[in-house]
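> Mind looking over this structure? Questions follow.
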Amino acid sequence: NTVVRKADVMMIIGISGGFDLDWRLEYDLSHDFLHDAAAVLLRDGRMVAAVEQERLNRIKHTNRCALPAVRACIEAHGVDVGDVDGFAYYATEDAANQLLYAYHTRMGVGQRRTEIRPLLQRLFKEEFDRDIDPSRFYFADHHMCHAMGAYVHSGFRDCLALTIDGAGEGNSCLALRVRDGVFEPVRSVPADGSLGYFYREVI
């Protein structure tokens, strides 16, 4: 493989999934929020590698940590984790922290509370033996990630984007007006009105 130098390109890795490694269950968190762990590597805005964690750990719809998938992406593209300019997680920082706060509250006072940035730093240190600057971690609204994925593949310049799923950041549905790549939220439906959760209960 040809080695890609950092100076030549901008590289971003997107990450979804939970915080537990395959061999360790430390954070017993909601599978609804953390399922289908995966990683994708973008080079100058173009996808060059993508790996679902279930292909590595053989657990269908796995909610485990996707850092082995991150490793598979960078090795497939012939780069080093230190060459990556940023790591984007598929939830807002506040939402991820609230998830962790709720977990620690549920588990009791004896559990050491943490936040998403230092947790990601620790996980990257364990996987790659590297100290990642916390400023290199970025966070994106869950529904905005869905809407952006639909928009960039749609071929439309101006459109209405609609996302419907179980829940993310307290919402189950988000409608956005898109003009020249600028997203304007129009309406949202809270998680307690989730069609996804209704479907789950029915089946």
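> Would you pick out the residues in region 175-191 that are in contact (Cβ under 8 Å) with a residue 12 or more places away in the chain and open to solvent by 40 Å² or more (accessible area, probe 1.4 Å)?
Matches in region 175-191: 177, 179, 180, 186, 187, 188, 189, 190.
For (1) touching a strand residue (DSSP E or B) at 6+ places or on another chain (Cβ under 7 Å); (2) open to solvent by 20 Å² or more (accessible area, probe 1.4 Å); (3) part of a strand (DSSP E or B); (4) without any contact (Cβ under 8 Å) to a residue 12 or more places away in the chain, each residue gets a yes or a no:
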residue: 146; (1), (2), (3), (4): yes, yes, no, no
residue: 149; (1), (2), (3), (4): no, yes, no, yes
residue: 153; (1), (2), (3), (4): no, yes, no, yes
residue: 160; (1), (2), (3), (4): yes, yes, yes, no
residue: 165; (1), (2), (3), (4): yes, yes, yes, no
residue: 173; (1), (2), (3), (4): yes, yes, yes, no
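> Right, next: Does region 149-166 contain any residue that is more than 19 Å from residue 182 (Cβ to Cβ), at pLDDT below 90 and of a type outside the set (Val, Ile, Thr)?
Yes, that holds for at least one residue.
> Would it be correct to say that residue 137 is open to solvent by less than 80 Å² (accessible area, probe 1.4 Å) and of a type outside the set (S, T, N, Q)?
Yes, satisfied.
> Right, something else. Give me a count of the residues in region 52-89 that are part of a loop (DSSP other than H, G, I, E, B), farther than 18 Å from residue 11 by Cβ and within 17 Å of the chain's Cα centre (by Cα).
6
Matching residues to (1) closer than 29 Å to residue 191 by Cα; (2) crowded, with 16+ Cβ neighbours inside 10 Å:
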site	(1), (2)
44	no, no
50	no, no
57	no, yes
83	no, yes
90	yes, yes
118	yes, no
126	no, no
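> Which pairs have Cβ atoms under 9 Å, sit 6 or more apart or on different chains, and link a residue in region 69-84 that is in contact (Cβ under 8 Å) with a residue 40 or more places away in the chain to one that is among the aromatic types (Phe, Trp, Tyr) and open to solvent by 20 Å² or more (accessible area, probe 1.4 Å)?
70/128; 71/128; 81/128; 82/128
The values are calculated or read from the model by the stated rules, or taken from the named source; none is laboratory data. Remember, it's a predicted structure, so these values are computed and weren't measured experimentally. Note that we place each Cβ from the backbone using ideal geometry, even for glycine, and neighbour counts take in every protein chain shown. All accessible areas refer to the heavy atoms of the entire protein, side chains included, with ligands and DNA or RNA removed. Shrake-Rupley method; radii C 1.70, N 1.55, O 1.52, S 1.80 Å.
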